[in-house]
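Presented below is the structure to which this report refers.
Any read-out appearing in this document is the output of simple, stated calculations on the displayed coordinates, not a laboratory observation. Worth saying up front: this structure is predicted, and the values here are computed from it rather than measured. All Cβ positions, glycine included, derive from the backbone under ideal geometry; neighbour counts span all protein chains shown.
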Amino acid sequence: MKSNILKNDKIQGNYSTMEIIDNILDFVFPTYCISCGKRQEDFCVDCLVELRRAERECEKWIFPIFDYREPKIKKTVLLLKYKSKKRLAKIIAAVMRDRILEELSELEQFSNFTDPILIPIPLSKKRLRKRGYNQTELICKHLSHNVTGLNCLTGVLIKTRETKRQAIIKDRRKRLKNLVGSFGVKNKELIRHRNIILIDDVTTTGATLKEAKKVLKNNGARKVVAFTFAH
Ligand SMILES: [Zn+2]
């Protein structure tokens, strides 16, 4: 059950409607795991969970789960991001869940990281219009549904300007520079003194997450950590 602690949170989208649509889509257009052939999504949870884990976190507060160099992980991200395979978000959330809960129990114990809110890394308006959805927001909503008591807050951390795709910028400093001032916060009272879990699909140098964290902290957030599907 979702906690009702944050009555003001903007939980966008009704999960049960999403789930119904999901089931209808699955009935009309069945897909099969390309690894084991099971009727599910292009990859199933059982196959994904076996794949190579990210070896090291890039920063102490960033927890990437899988290794992006693993071809199946890369393919999963690309399918979700560019091929409208939105149902993969549910599977990604399912394989991220255990790691998040595990780290959270430690964070709660040692850093008083209680009652956190999930916030997805936003897309700029232009990119959102082009793609039609924010893949990270989809993962976040499924996490919110699957991880007991955590609410997903969207529309608070916003991308205020279009930036070049981080992946095409090789230089680390230029990556950071590309992002400076690209995030903003709306309704900052919703994050004041709150612990926050940022969610992103892939992190490379952590530049995006660092910039997002800075903006959240400047707007009153207490502690910020991040989980990403891959690194
Ligand atoms: Zn499978």
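Quick rundown of the values:
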{"quantity": "Rg and Dmax of the stretch 75-198, Cα atoms only, in Å", "calculated": "15.6, 42"}
{"quantity": "Relative contact order computed over the chain (Cα-Cα under 8 Å; 6+ residues apart), in percent", "calculated": "24"}
{"quantity": "Using distinct alpha-carbon pairs, which all enter the 1/r mean, Kirkwood radius of the stretch 17-62 in Å", "calculated": "12.9"}
{"quantity": "Computed E for Tyr133/Asp67 - FRET, C-beta separation, R0 35 angstrom, nearest 0.05", "calculated": "0.85"}
{"quantity": "Inverse mean reciprocal Cα-Cα distance (Kirkwood Rh) of the stretch 12-165, Å", "calculated": "16.9"}
{"quantity": "Residue (of Trp61, Val49, Phe110) at the positive-pole extreme of the stretch 34-113, dipole from beta-carbon charges", "calculated": "Val49"}
{"quantity": "Sum of side-chain charges, Asn219 neighbourhood, beta-carbon under 9 Å (Lys, Arg +1; Asp, Glu -1)", "calculated": "+3"}
{"quantity": "Separation of alpha-carbon centers, the stretch 186-204 and the stretch 216-231, rounded to whole Å", "calculated": "5"}
{"quantity": "Antiparallel %, DSSP beta bridges [both residues in the chain], to 5", "calculated": "25"}
{"quantity": "Pairs beyond 22 Å (Cα-Cα), from Lys159/Lys213; Lys86/Lys164; Lys74/Lys126", "calculated": "Lys86/Lys164; Lys74/Lys126"}
{"quantity": "Label-point separation in nm, Ala167 to Ile24, each point 7 Å along Cα→Cβ", "calculated": "3.2"}
